[in-house]
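What follows draws every value from the coordinates through simple rules; no lab data is involved. Source: prediction; values computed, not measured. Don't worry about glycine lacking a Cβ; one is built from the backbone with ideal geometry, like all the others, and counts go over all protein chains shown.
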Amino acid sequence: MHVVRNRAPLASSAFYPLPLGSVRPRSWLRDQLRIQANGLGGHLDETWADVGPNSGWLGGSGESWERGPYFLDGLIPLAYLLDDAALKAKAQKYIDWTLNHQSANGMIGPASNDDWWPRFVMLKALTQYHDATGDPRVIPVMDKYFQHQLGALPARPLRDWSKFRWQDELLSVIWLYNRTGSSYLLDLARLLKKQGYDWQAQYADFKYTKRITAEYLEIEKGDGLKDLALATHGVNNGQAIKAGPVWSLVSGSAADRSAVLTMISELNKYHGLPNGMFSCDEHLAGLDPSQGSELCTVVEYMFSLEQSLAILGDPSLGDRLEQLAFNALPGTFTDDMWAHQYNQEPNQVECSLHHKPWTTDGPESNLFGLEPNFGCCTANFHQGWPKFAASLFMLSGAQDNTAEDGLVAAAYAPCEVNTFLRGTQVQVVEETGYPFHGNVRFTINPASPLSFPMQFRIPAWAAGATIVVNGQAAPALAPGSFSRIERTWRSGDRVEITFPMKPRVSRWFNDSLAIERGPLVFSYGVGESWVKLRTRGMTADWQVYPTTPWNYALNINAASPDKDIAVTEGEVGESPFTSSRAPVKLSVKARKLDKWRAEDGVAAPVPQSPAESDQPEETITLIPYAAAKLRITAFPQLKS
Ligand SMILES: [Zn+2]
């Protein structure tokens, strides 16, 4: 499978995702995908009727909306990245049913539900499946469906979820246009934009700067202010982050391209949390780190960043992607990935039924379980790890000049790339303990000597990063850029990058501190007591109660935090986001703050820094955010 670039008159992308299967995980990342497959990721259909044998997406009378397509959107990349025959066979049942049951008019999916939205998700799944297999049935089915939709949309326009998520279908429309060149697809693209919600206008003059409450949305009046609720809905915003870049491929507008940066900075300014997320539980929820973020939003934000990074080639999008992948994503699952939360919080001191700080979500939202609060995340989380693994490397090169073809290390984790550049087979092996360790080693193996550029993302935090090519130090690297090396590569050539891993401080709500090191944020792991609430088929729902105090303020000089923080590094083994196996730990001096308490299991807003305490000084240990299922991440700073 070769990369298909944007076809004129579409604008060029900076980079292109490599076809599914070109980048495969190794080492801890492969283990992580295997954990997912051994957990709910590979068994959900065996224990949850919504994606089981009676699914509407298998021709049954059961769930016929988004859940089947959501599951497939993650199951396909999981199955093909692990090259797992049993998982491929599971996915194939849904694919075959959809491809073999297209209506005469072109409609796909269960006849009992004609909502456009779930079909957006099935189209994403079909494009990945085609990239991995080349199944010749996919393109004719998509072509007939899009012709049907172009004819039907004027009388049955986008509404509700489809109106607010139009850019997700546009990706698939562009995918098909690049393969067939049928001009009606550009008409369909323009119609989707016209009927879809104007996210750029929302963020050009951003009004939702405060916690969005049920009262504000008038939810008590039945449907309430539906469009307002959808515009401030976390998952919709996570998906919309890519709206400007994806539309810019059609419009050619630089302003559309850069809209993603405005959107991220506004979300960060008014709703940003130290785990890289914005709050959404499930509407935008302000800056308090006791507010939550929904798992669907985590994985959709990641997918938006992967797509936007390819289109713009902006390294800051890779920084954010790693922050989510290495913190918010693993932080909201049990270690075995048999249970997840709907909402996670940076300052999460209890996961129980009487813990409910949410804007609109229900009382089960931060339990670990099969489908806490609502089953969307149960079906949708599967795309997180596999799509991240598939996006670690991308292809660079203009659409009209394949002599520019090269490889881009967009994000870092252990993996292996196998692809073709100008007809020559090229393998790249990446070995690293990143994000826990700062050293990343690449071995480049072209089948025969080949000149091409390689680009390496240098994160904005990585001042002082160094690069060595075949033992020779190369010029200094600029943080917040892509470092480009062009040479004739020979089999066995080595590139070694060392990122400085000094602890850093970031500032949050009430001038609180979070401690970061590389792409990881660190948390104080509160003692945990796991109490089973109920068995759920092959899994269970759990409440988690604190067994130790957590109300610490840190004694850290924010100007030179590395002097006050001791780092202990260990080996990176299987399941590194587990508290007992955390490959890196930090020690800091702290004192308890008596006045900082929890009410109904919710940590009160982190007290204003600097804070005073007459309690004795203690040394506490911080572990990676994701390893601490009860945690404090945003700390008050002690008055020096
Ligand atoms: Zn969800």
Next on the checklist: If I model a spin label at V429 and N557 as a point 7 Å from the Cα along the Cα→Cβ vector, what separation in nanometres do I get?
Outcome noted: 4.5 nm
Item to check | Cα gyration tensor of region 133-172 - equivalent ellipsoid semi-axes, whole Å, descending | outcome: 23, 14, 6
Checklist entry - Using the C-alpha gyration tensor of region 563-628, what are the square roots of 5 times its eigenvalues, in whole angstrom, with the largest one first? => result 27, 17, 9
Checklist entry - Label point 7 Å out from T568 along Cα-to-Cβ: which residues of region 511-535 have amide N under 20 Å? => result 515-518, 520-528
Next on the checklist: Just to verify a number: FRET efficiency for E215 and R7, C-beta to C-beta distance, R0 = 56 Å, to 0.05?
Outcome noted: 0.70
Next on the checklist: So if each residue of separation counts as 0.36 nm, and I subtract the Cα-Cα distance between K93 and S61, what length gain in nm does that give?
Outcome noted: 9.9 nm
Checklist entry - How long are the three semi-axes of the equivalent ellipsoid for region 318-409, computed from the Cα gyration tensor as the root of 5 times each eigenvalue, in whole Å, largest first? => result 37, 13, 12
Checklist outcome for this item: From the Cα centre of region 489-538 to that of region 177-208, the distance in Å is 36 Å
Next on the checklist: Please compute the modelled spin-label separation between S253 and A447, points set 7 Å along Cα→Cβ, answer in nm with one decimal.
Outcome noted: 4.5 nm
Next on the checklist: Test of understanding: what is the full-extension gain from F420 to T180, defined as 0.36 nm times their sequence separation minus their Cα-Cα distance?
Outcome noted: 84.2 nm
Checklist entry - Which aspartates and glutamates does K532 reach when only Cα atoms under 12 Å apart count, and residues fewer than 8 places away in its own chain are ignored? => result D541
Checklist entry - Shape call for region 474-545 from the C-alpha gyration tensor, a ≥ b ≥ c root eigenvalues: rounded (a/c under 1.5), prolate (a/b greater than b/c) or oblate? => result oblate
Checklist entry - For region 457-550, what is the charge dipole size about the Cα centre, in debye to the nearest 20, if Lys and Arg each add +1 at the Cβ and Asp and Glu each add -1 at the Cβ? => result 180 debye
Checklist outcome for this item: Partner lysines whose C-alpha sits under 24 Å from that of K592, ignoring same-chain residues fewer than 8 away, are K563, K629, K639
Checklist entry - So what does log10 I(q)/I(0) come out to for region 1-157 at q = 0.18 Å⁻¹, using the Debye formula with one equal point on every Cα and no solvent? => result -1.16
Item to check | Using distinct alpha-carbon pairs, which all enter the 1/r mean, Kirkwood radius of region 102-253 in Å | outcome: 16.7 Å
Checklist entry - Cα gyration tensor of region 375-448, axes a ≥ b ≥ c as square roots of the eigenvalues: rounded (a/c below 1.5), prolate (a/b > b/c) or oblate? => result oblate
Checklist entry - To the nearest 20 debye, what charge dipole does the chain have about its Cα centre, counting +1 at the Cβ of each Lys and Arg and -1 at the Cβ of each Asp and Glu? => result 1100 debye
Checklist outcome for this item: Restricting to lysines and to Cα separations under 25 Å from K163, and discarding same-chain partners fewer than 8 apart, the set is K124, K144, K193, K194, K207, K210, K221, K226, K242, K387
Item to check | Hull volume in cubic angstrom per residue (convex hull over the Cα atoms of region 315-364) | outcome: 104 Å³
Checklist entry - On alpha-carbon atoms, Rg over Rh for the chain using Kirkwood Rh? => result 0.95
Checklist entry - Using the Cα gyration tensor of region 208-333, with a ≥ b ≥ c the square roots of its eigenvalues, what is the shape: rounded (a/c below 1.5), prolate (a/b larger than b/c) or oblate (neither)? => result oblate
